[in-house]
Amino acid sequence: MSKTQRRKQERPLFDEAWRTRQANFPPVIGFDYPLNTLVISLTGDQCELDCAHCGGHYLEHMVPIWEADPEGATSCLISGGCDRRGRVPVTSHLDVVERLRPGRVLNWHVGLIGRDEADAIAPHVDIISFDFVGDDETIREVYGLDTGVVGQIAAYELLRSYATVVPHITVGLRGGRFSGEYRALEILQELGADGLVFIVLIPTPGTRYADREAPAPEEVAELLAEARVRFPKTPIHLGCMRPRGSYREQLDPLAVRAGVNVIVSPSARAVSLAHELGLSVDRREECCAVRFKREEYYG
């Protein structure tokens, strides 16, 4: 299919997505720059899974919790590497978490933890960011786990009984290929979702997917538009993890057209388009998931 044919095919979906946004949200778009969120790893740079898309690379850019200095931070993302069952060791260093807690929103990335761990951290949780994958083979190939989609659903439903849980869908997670993203939307429609955050595979040096390509921006945007239509009243964010440079210059304006509510570190073209479409800008300086705690979400 040529690009022209694809544009013609996609236009009705984008038109419907934009109408859906207009009908359910005020003309406001959030642009978030996570300057005031301290990103913490409970495990330093260690992870037992060595996932195909990460390989521990992104842990290197987090602050080990034993070195965390929260001065100036208004929120924290508490994450870390997983054990071989896909669980972040959330009960480690709870004494430090207690010191971080006062006056700050805590957004946790916990993996597939069970009830005992959830009970232990519950007093310190405001939001849980949960990676949701809609395909068994993708889970096995990327994470090396045999838990499958059924394991994702069980963990998601458990966590929702404790806190606001925001599913994160990585577009092109399986080496740049679509594999379960649309199925994830179908499942979340059945289960319910307080919000949706979409991120995009970044082919990262030193990982098993280093030589792959990110999915085409047009295909990512079509998924966003589909999500907007399927979740007409649910806030949808385009998160920070996505390729930079020309990729964002292509994707971000399409995301505006697709009716997203928030874009993290948007491209200049997206900012210009938002103004052209009559959207006013609500700028924040925290992790985008923090919005689900900070406000009665506009609209």
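The numbers here are math on the coordinates, done by the rules we state, and not lab data. A quick note: this is a predicted structure, and the numbers were derived from the prediction, not measured. Cβ: placed from backbone, ideal geometry, glycine included. Neighbour counts: every protein chain shown.
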- Amide H contacts under 5 Å for Trp108, placed H, 5+ residues apart: Ile78, Asp126, Ile127, Ile128, Ser129
- Relative contact order (%) - the range 54-116, alpha-carbon pairs under 8 angstrom, separation at least six: 39
- Item | Under the Karplus curve 6.51 cos²θ - 1.76 cosθ + 1.60, θ = phi - 60°, whole-Hz ³J(HN,Hα) for the range 139-153, x wherever Gly or Pro sits | 4, 5, 5, 7, 9, x, 10, 9, 5, x, 4, 4, x, 4, 5
- Likely footprinting exposure, Lys233, Lys293, fewest C-beta neighbours within 10 Å first: Lys233, Lys293
- Message: Kirkwood hydrodynamic radius, the range 3-294, all distinct C-alpha pairs: what's the number in Å?
- Response: 19.3
- The ³J(HN,Hα) series, computed from each phi in the range 224-232 with the Karplus coefficients 6.51, -1.76 and 1.60 at θ = phi - 60°, rounded to the nearest Hz and given as x for glycine or proline, is 4, 5, 4, 4, 4, 5, 6, 10, x
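Using Cα pairs closer than 8 Å and at least 6 residues apart in sequence, work out the relative contact order for the chain, in percent.
Worked out over the chain, it gives 24 percent.
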- Query: Once the Cα atoms of helix 3-24 and of the chain are each reduced to a long axis, what angle between those two axes, in degrees from 0 to 90 to the nearest 10, is obtained?
  - Reply: 70
- Query: Taking the range 85-226 on its own, what percent of its Cα-Cα pair distances exceed 20 Å?
  - Reply: 51
- Task: Determine the relative contact order of the range 209-299: mean sequence separation of Cα pairs under 8 Å and six or more apart, normalised by residue count, in whole percent.
- Result: 27
- Under 5 Å, built H, 5+ apart or other chain: amide partners of Val63: Val39, Ile40, Ser41
- Note on the structure: Counting all Cα-Cα pairs in the range 1-145, those more than 20 Å apart amount in percent to 59
- Under 13 Å from the Glu157 label point (7 Å along Cα→beta-carbon), backbone N, the range 185-208: 188, 190-192
- Note on the structure: Phi-derived 3J(HN,Hα) across the range 86-91 with the Karplus relation (6.51, -1.76, 1.60, θ = phi - 60°), rounded Hz, x for Gly and Pro, is x, 10, 6, x, 5, 7
- Query: Tally Lys and Arg at +1 and Asp and Glu at -1 over the other residues with C-beta under 11 Å from the C-beta of Trp108: what net charge comes out?
  - Reply: -2
- Message: Tell me the net charge near Phe25. Cut-off is 12 Å between Cβ atoms, Phe25 excluded, with +1 for each Lys or Arg and -1 for each Asp or Glu.
- Response: +3
- Query: Using a ≥ b ≥ c from the Cα gyration tensor of the range 141-299 (square roots of the eigenvalues), is it rounded, prolate or oblate, where a/c under 1.5 gives rounded and otherwise the larger of a/b and b/c decides, a/b for prolate?
  - Reply: oblate
